[in-house]
Amino acid sequence: MFEGYPNEVIVYVSDPRTGVQRGCKWPPTIAEIVAACDRRQGELVKAERFKTWGQRNEPALLEGPKEERPTYEELIAKYGENFGLEKEQKREPERAPSWDSITSYYRHNPERMRELIRLTKGEDV
């Protein structure tokens, strides 16, 4: 089982000061030993990655697009000055209804008023 791990992992996991004996009752199960080896292997990989942080000796994980991109001038020629987008027209904000119009609405729609009361009391609709 240990042959799948580097010597550094095996020494760490089998050492009574740092190994699997500190976290398991003796004798540990094979699953506990494998979990300890995997955990130590992950720690070593993470430490190595942080040691070389920012260095560009590794290939990029994602490659950039391969196709040639159009220039800004080509985009303007194809889509126009605003790229086909219309300027947003300003609208006047809608006014909130007056209190009289609200009371009139609920007076003429009593079912809507009952539903509103049920919702404020926390009842299901």
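No lab work stands behind these numbers, since they all come straight from the coordinates. Since the structure is predicted, the reported quantities are computational estimates derived from the model, not experimental observations. Every residue, glycine as well, gets a Cβ built from its backbone with ideal geometry; the counts of neighbours run over all protein chains shown.
Helix content alone sets the calculated 222 nm mean residue ellipticity of the chain: runs of n ≥ 4 DSSP H residues at -39500 (n - 2.57) each, divided across all residues, give -15000 deg cm²/dmol. In summary, the convex hull built on the alpha carbon positions of the stretch 20-125 has an orientation-averaged projected area of 21.9 nm².
In terms of the mean number of neighbouring beta-carbon atoms within 10 Å, the peptides 107-117, 86-96 order highest first as 107-117, 86-96.
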